[in-house]
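The structure appears below as structure tokens.
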Amino acid sequence: MLGKPVAHSLSPVLHEAAYRALGLRGWTYERLEVDAEGLPAFVRGLGDQWAGLSVTMPGKRAALEFAATATPRASTVGAANTLVHLESGDWLADCTDVDGVVGALRAAGGFREGSGQVAVVLGAGATAAAAVVGLARLGLAEVRLVVREPARAHETAAAAKRAGLGVDVRRWSEVDFEGCVADASVLVSTVPPDAVAEHATRLSAVGCVLDVIYHPWPTPLAAAVTARRGHVATGLDMLLHQSFGQVEQFTGLSAPREVMREALLEATGRVLPLPLD
């Protein structure tokens, strides 16, 4: 796992549980502090024993730029959280964060294709870019991006357009949150909990929510949605579902989904149910 900071990452829990279950003795998964600027040189220096890398912030866009080839979804997102070492020695970029969004919304968020056409996404970073591509895969047709500064939303807006979504970018300080979500079937929040707190009650009208924050829990948004008997998926649900594709690409074997889920439940004190899609 490459990122900075990265000490907090729970990805080793998932990958190491998978490797044990698959009988892959000698396989390890470590956290390594590498920022976006240092990523290309670091990856070039790796030997053939490396099967793959997970990439978290701030290196996701740098990972895509570095790789020799990329999957269509990574290119659509404009960022990669996965680098796979190919037999040729080159690296393939992928974005299993899309699987994370889709799996989390289906399993914990209760979303099903055909449930609606409009989504609202708070924030416009790399996670938001993966979210809009996941929303397109779920059959949504339009996304409203609510951001502090619209000029900084161009990469996520471009990802949404590449995925075939209609895009409406709205300035945070000017938006009518109640009106913005009135016809939305799903809401994805990628911003800090405190930023949403004063708007949580109005936003909770959306019955299917993915709040990528999972600590501390519950967030004000999650509490408001739960109080209205809505469905809430979290960053832990997203982490779990995105990890399956990484394990399969690194090992060439089917991910032991139940084993990985149990390991994450144990590591997080079973604070969330983490249903499987």
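The values are calculated or read from the model by the stated rules, or taken from the named source; none is laboratory data. Given the structure is predicted, the values throughout are model-derived calculations rather than measurements. Virtual Cβ from ideal backbone geometry, glycine too; neighbours counted across all protein chains shown. Accessible surface areas use protein heavy atoms only, side chains included; no ligands, DNA or RNA. Shrake-Rupley method; radii C 1.70, N 1.55, O 1.52, S 1.80 Å.
For VAL43, indicate whether it is buried (at least 19 other Cβ atoms within 10 Å of the Cβ) and over 20 Å from PHE244 (Cα atoms). So VAL43 fits the description; yes. When segment 1-21 is filtered for residues that are buried (at least 17 other Cβ atoms within 10 Å of the Cβ), among the hydrophobic types (A, V, I, L, M, F, W, C) and part of a loop (DSSP other than H, G, I, E, B), the ones remaining, listed by number, are MET1, VAL6, LEU10. Within segment 168-222, being over 20 Å from the mean Cα position of the chain (by Cα) and part of a strand (DSSP E or B) holds for ASP168, VAL169, ARG170, ARG171. Being surrounded by fewer than 24 Cβ atoms within 10 Å (Cβ to Cβ), outside the structural domain of GLY78 (by the TED database) and more than 18 Å from the chain's Cα centre (by Cα) is a condition met by at least one residue of segment 127-143.
One residue stands out in segment 134-152 among those that are outside any helix (DSSP H, G or I) and in contact with a helix residue (DSSP H, G or I) (Cβ under 7 Å, 6 or more places away or on another chain): the one that is farthest from LEU210 (Cα to Cα), namely VAL147.
Just one of (1) more than 26 Å from ALA107 (Cα to Cα); (2) surrounded by 15 or more Cβ atoms within 10 Å (Cβ to Cβ) fails for ALA159. It is (1). Exactly one residue among ALA104, ALA124 is assigned by the TED database to the domain that holds TRP172 and either crowded, with 24+ Cβ neighbours inside 10 Å or within 25 Å of GLY179 (Cβ to Cβ) (or both), and that residue is ALA124.
A Cβ distance below 6 Å, combined with a sequence gap of six or more or placement on separate chains, defines the contacts here; from segment 214-235, residues that are within 15 Å of GLU198 (Cα to Cα) reach residues that are hydroxyl-bearing (Ser, Thr, Tyr) and assigned to a helix (DSSP H, G or I) in the pairs ALA224/THR201. Residues that are closer than 27 Å to ALA70 by Cβ, part of a helix (DSSP H, G or I) and either β-branched (Val, Ile, Thr) or touching a His at 6+ places or on another chain (Cβ under 8 Å) (or both) within segment 251-277 comprise just one, THR251.
Of the residues contained in segment 229-238, none is found to be assigned to a loop (DSSP other than H, G, I, E, B), of a type in the set (D, E, K, R), open to solvent by 20 Å² or more (accessible area, probe 1.4 Å) and closer than 30 Å to HIS15 by Cβ. Being in contact with a Ser or Thr (Cβ under 7 Å, 6 or more places away or on another chain), in a strand (DSSP E or B) and either open to solvent by less than 10 Å² (accessible area, probe 1.4 Å) or under 24 Å from LEU274 (Cβ atoms) (or both) is not true of LEU53. Looking only at segment 196-223, which residues are among the small types (Gly, Ala, Ser) and either open to solvent by less than 20 Å² (accessible area, probe 1.4 Å) or under 17 Å from ARG144 (Cα atoms) (or both)? Hits for segment 196-223 are ALA200, SER204, ALA205, GLY207, ALA222.
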